[in-house]
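Everything below concerns the one structure shown next.
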Amino acid sequence: MIVLLNFILAGCGLIDSLHSDSLRLHVIDKEIRMKQGSTTVTFNISIVNKSDSSLLLYNFNVDPDIAFREEAFFCNSKIAARGVIFVYDYHMKDLYARKSRIHDVAGYNSMTEEKLKNKLNESRLKFRDSSQIVKRGEQLVLTKKADLKNVQLTRGIYYLKFIYSSGEYTSNMVSEKDMSEDKAKYRVRIFKGCISSGVVRLIVE
């Protein structure tokens with residue numbers, strides 16, 4: 001029998017990553033259900049800080065992206081902070097999104113240099129404003145929502161996993177000055193690493 005509810009941290013060897021037992025993430029729901037034709041899935045997560053410091057997770061409180069490539073692409077030492085949903089079929093084969101979220105953000109119209117600059121500035125502001133602080137010893141329960149419209153799901157049993165990763169390119173979205181201000185203001189460490197919820201069953205009815 002496959003145990004689906006034993007969720008642990010998945011260390012990914014990121015620079016300045018914490019010890020593997022410092023931050024734990026799991027999906028609380030025993031299983032997640034959605035109607036065929038629906039594009040949105042909602043689930044609850046628990047995140048526990050077992051380190052000796054309060055931690056700041058940039059870009060955590062946004063709807064996670066749907067994976068369009070393998071896990072190693074998102075869970076690496078360079079990636080800018082983001083949450084990602086992985087969907088697998090019954091045989092644990094990856095079901096990637098047919099396009100990345102950048103298509104939805106930028107659209108298909110031509111982008112001028114000015115429009116691109118404005119989009120980037122908006123993204124940087126949202127990136128920092130969407131941070132989550134997890135205090136030392138704290139356990140948070142949060143609700144996450146993901147749009148699965150770019151993954152074709154028919155009726156059946158699937159599996160879902162949520163990861164959060166933050167690497168070196170986070171500094172491209174938040175300046176060193178702003179990071180220093182955040183650390184001093186909130187008395188936190190900036191989390192760098194990769195945490196994984198493990199898999200939970202997703203049933204499309």
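What follows draws every value from the coordinates through simple rules; no lab data is involved. These figures come from a predicted structure and were not determined experimentally. Neighbour counts are summed over all protein chains in view; Cβ atoms, including those assigned to glycine, are modelled from backbone coordinates with ideal geometry.
Table for the structure above
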quantity: Neighbour-count ranking [beta-carbon atoms within 10 angstrom, fewest first] of GLU168, GLU114; calculated: GLU114, GLU168
quantity: Residues whose placed amide H lies under 5 Å from that of GLY193, excluding near-sequence neighbours; calculated: SER166
quantity: Gyration tensor (alpha-carbon) shape descriptor, the range 140-205, a/c threshold 1.5; calculated: prolate
quantity: log10 of Debye I(q)/I(0), alpha-carbon scatterers only, for the range 23-204 at 0.11, 0.13, 0.16, 0.18 Å⁻¹; calculated: -0.51, -0.71, -1.04, -1.25
quantity: Among the listed pairs LYS115/LYS185; LYS119/LYS192; LYS126/LYS161; LYS115/LYS149; LYS115/LYS135; LYS117/LYS177, those beyond 29 Å (Cα-Cα); calculated: LYS115/LYS185; LYS115/LYS135
quantity: Interchain or long-range residues, amide H under 5 Å from ASP63's placed H; calculated: none
quantity: Given charges at Cβ of Lys, Arg, Asp, Glu: the range 23-204 dipole, positive-most of PHE191, VAL141, PHE68; calculated: VAL141
quantity: Backbone HN-Hα couplings from phi across the range 88-95 [Karplus 6.51/-1.76/1.60, Hz, Gly and Pro as x]; calculated: 10, 7, 4, 9, 6, 8, 4, 10
quantity: For the range 119-136, 3J(HN,Hα) per residue [Karplus equation, 6.51 cos²θ - 1.76 cosθ + 1.60, θ = phi - 60°, Hz, x = Gly/Pro]; calculated: 4, 5, 5, 4, 5, 5, 5, 5, 4, 6, 5, 8, 6, 10, 9, 10, 5, 4
quantity: Contact order normalised by residue count of the range 23-204, Cα under 8 Å, 6+ apart, percent; calculated: 39
